[in-house]
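Before any comments, here is the structure.
The values are calculated or read from the model by the stated rules, or taken from the named source; none is laboratory data. None of the values given here were measured: they were computed from a predicted structure. Note that we place each Cβ from the backbone using ideal geometry, even for glycine, and neighbour counts take in every protein chain shown. Calculation scope for accessible area: heavy atoms of the full protein, side chains included, ligands and nucleic acids excluded. Shrake-Rupley method; radii C 1.70, N 1.55, O 1.52, S 1.80 Å.
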Amino acid sequence: LLSGPNAQYVVPLPEKDEPKRAILDTYTKEHSAEYQSQALIDLARRMGPKIGDLLKVESIVIHTSHHTHYVIGTGANDPQKMD
């Protein structure tokens with residue numbers, strides 16, 4: 001998958017009775033959405049009160065990467081991604 005079927009990888013594991021600390025090096029997402037959308041959700045939540053009446057907003061244009069749009073976004077044409 002990464003470097004072919006004969007690739008070997010070394011994954012360091014804690015020694016016996018050594019504390020497992022890897023969880024301390026991970027970060028949870030604030031919102032239940034893809035990582036690429038976390039900043040946009042934060043931005044939308046900050047902008048909402050500044051805009052006021054959201055019914056007056058006609059459109060919002062977001063420039064993003066190819067991956068974000070075609071793999072995880074609306075460009076994937078996957079209705080479940082919008083649920």
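Data table
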| item | result |
| --- | --- |
| Residues of segment 63-83 satisfying the condition of being in a loop (DSSP other than H, G, I, E, B) and open to solvent by less than 100 Å² (accessible area, probe 1.4 Å) | Thr64, Ser65, Gly73, Asp78 |
| Any chance Lys16 is at pLDDT 85 or above and of a type in the set (Lys, Arg) | yes |
| Residue, surrounded by the fewest Cβ atoms within 10 Å (Cβ to Cβ), within segment 12-42, restricted to residues that are in a helix (DSSP H, G or I) and acidic (Asp, Glu) | Asp25 |
